[in-house]
Amino acid sequence: MDKLVYTAASGLRARMAAQTAIANNMANASTTGFRADRVVFDRIALKGDGTTLEARSPSSEEVIDADRTAGAIMQTGRPLDVAVTGNDAWLTVQAPDGSEAYTRRGDLQVAPSGVLQTGDGFIAMGQSGPITLPPYQSLWIAGDGSISIVPTGGGEPQIVDRLKLASAKGSDTVKGLDNLIRVRGGGALPDDLDATLTAGALEGSNVNMTRMLVDMIENQRSYEVTASLMKSAKDMDESGASIMRLPS
């Protein structure tokens, strides 16, 4: 009896975790540059002496990766907004621990200190480190990531830095809880010299709401089926206990 109970319980736990991932995707359907989490279910095979363990097959759920498909590009006309073209190129930012991380979020902002950062607060990296902009009268970003300004008071335009664009093609990367992409096991991605940007535009989330709603309904139905197994186990246990109480 415990085989059915624990197998069903592991299935309920996996479905609840999957529902959390689906809800997170739906909540970020309008987040700039967001990559939807991919949930995978699997069966855990337990091995041991005899057949006691081998009769149990609990379920597991894991967010193994993110959907790398590019989102739709929306024109904004804002000079600091950039959208990376293609699926493999990424903007390089500085993670909280000082290491390199990668994002597709291109809603750049200039902090009061002059540091260029993304909309969620991560510092944008240039060719020689974090990008700091001097006071400027106007600014624009070219397709190759070069940042040009006209200094305060006028003068000749000058290039102050170039956004560091990296290529994830052929590299083993993983998405973190902060929605940043990192190289699995540490390290940095190589520069992508062929990557291009679309200035005055932003890449939207790649979450497909229709797909997410279908996944949520399927997950909910699977949860209900698994919960019914728990009830069946309870009913069988009660039936077995009542037989044992019959007078001999």
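State the percent of C-alpha pairs, over all pairs in the range 120-230, separated by a distance greater than 17 angstrom.
Details: 4408 of 6105 pairs.
Roughly 72 percent, rounded to a whole number.
Taking 41 Å as R0, compute the FRET efficiency from the Cβ-Cβ separation of Asp194 and Asp235 and round it to 0.05. Intermediate values should be presented prior to the final figure.
Working: r = 64 Å, r/R0 = 1.55.
Computed FRET efficiency for Asp194 and Asp235 comes out at 0.05.
Count the net charge of all other residues whose Cβ sits under 14 Å from the Cβ of Ile149, scoring Lys and Arg as +1 and Asp and Glu as -1.
-1
Readers should treat all values here as calculations from the given coordinates under stated rules, not as data from a laboratory. Since this is a predicted model, take the numbers as computed values, not measurements. Counting neighbours? That spans all protein chains shown, and the Cβs are built from the backbone with ideal geometry, glycine included.
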